[in-house]
Amino acid sequence: MLEAGNIKTWIERISSPNTELGGFPVCPFAKNAEYSIIHTDGSDIDPPPWDFELIIYVLPESYTQQEVEDIATEYNKLSKEFVFLPDPKDRYTEISGVQTSNGNHNLILCQYRQKLNDARAKLKDTTYYDYWDKKYLEEILGT
């Protein structure tokens, strides 16, 4: 499928070290993460009972940025075990000028909250977060 190729390219891009980020990739753990891609209209997002690192939910292209963000917000309210991070196709995000958003598809990324928090804790002892804009950092870490 076309979007699978775009998503793989995006993961490769955010996994590559960047001089703008002190040699860190946008997402230091993306390169080795196992992920599944699931198509949904957003009404049936239900993480599977088996262990996973990342589920990438692909939502309809017709959804607005606000609709994608609202769906993620609702699932974050319902779940303490998982984190749902929206990545709408029409929202450009960056860290120190390095694009973090995929820019092609309406996505919601789902991860186990504890595993994500453990990974974030490992980065706190580095200079990784020094490159982040305070507002964007608060948005991402607040989930």
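Nothing in this text is a laboratory measurement; each read-out follows from the coordinates by a stated rule. Note that this is a predicted model, so its numbers are computed, not measured. When we count neighbours, we look across all protein chains shown, and the Cβ atoms used for this are built from the backbone with ideal geometry, even at glycine.
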Whose amide H sits under 5 Å from the amide H of N18, counting only residues 5 or more places off or on another chain, with H placed in the peptide plane?
G23, F24
For the range 1-79, which GluC sites (Glu not before Pro) pass both filters: DSSP loop (anything but H, G, I, E, B) and at most 13 other C-beta atoms within 10 Å?
E34, E61
Subtracting the Cα-Cα distance from 0.36 nm times the residue separation, let me have the gained length for L137 to T9 in nm, one decimal.
43.7 nm
Starting at the first residue of the range 71-79, write each ³J(HN,Hα) from the Karplus equation 6.51 cos²θ - 1.76 cosθ + 1.60 with θ = phi - 60°, in whole Hz, x for Gly and Pro.
5, 4, 4, 4, 5, 5, 5, 7, 10
Chain lengthening between Q65 and Q99 when straightened (0.36 nm per residue, less Cα-Cα):
10.6 nm
Label-point gap, in nm, between S36 and R113 - each point 7 angstrom along Cα→Cβ
2.1
Loop only by DSSP, 16 or fewer other Cβ within 10 Å of the Cβ. Give me the chymotrypsin sites (Phe, Trp or Tyr not before Pro) in the range 74-141 that pass, ordered by residue number.
Y92
Interchain or sequence-distant (5+) residues whose placed amide H lies within less than 5 Å of the amide H of I37 are I56
Nothing charged except the Cβ atoms of Lys and Arg (+1) and of Asp and Glu (-1): what's the magnitude of the dipole of the range 1-135 about its Cα centre? Round to the nearest 20 debye.
500
In whole Hz, with x marking every Gly and Pro, tabulate ³J(HN,Hα) for the range 25-31 from phi via Karplus 6.51 cos²θ - 1.76 cosθ + 1.60, θ = phi - 60°.
x, 4, 10, x, 9, 5, 4
Spelling out what I want: for every residue of the range 42-49, take phi, set θ = phi - 60°, compute 6.51 cos²θ - 1.76 cosθ + 1.60 (Karplus), and round to whole Hz; glycine and proline get x.
x, 7, 10, 5, 8, x, x, x
Taking the chain and counting helices only, DSSP H stretches of n ≥ 4 at -39,500 (n - 2.57) each over all residues, the nearest-500 ellipticity at 222 nm comes to -10500 deg cm²/dmol
Roughly how many Å is it from the Cα centre of the range 57-106 to that of the range 113-143, as a whole number?
17
In vacuum, with every alpha carbon of the chain counted as one equal point scatterer, what does the Debye formula give for log10 I(q)/I(0) at q = 0.09, 0.10 Å⁻¹? Two decimals, please.
-0.26, -0.32
At a Cα cut-off below 27 Å, give the lysines reachable from K80, other chains included and same-chain residues fewer than 8 away excluded.
K31, K89, K115, K122, K124, K134, K135
Positive dipole terminus of the chain, leading residue within T9, V26, I45 (C-beta point charges)
V26
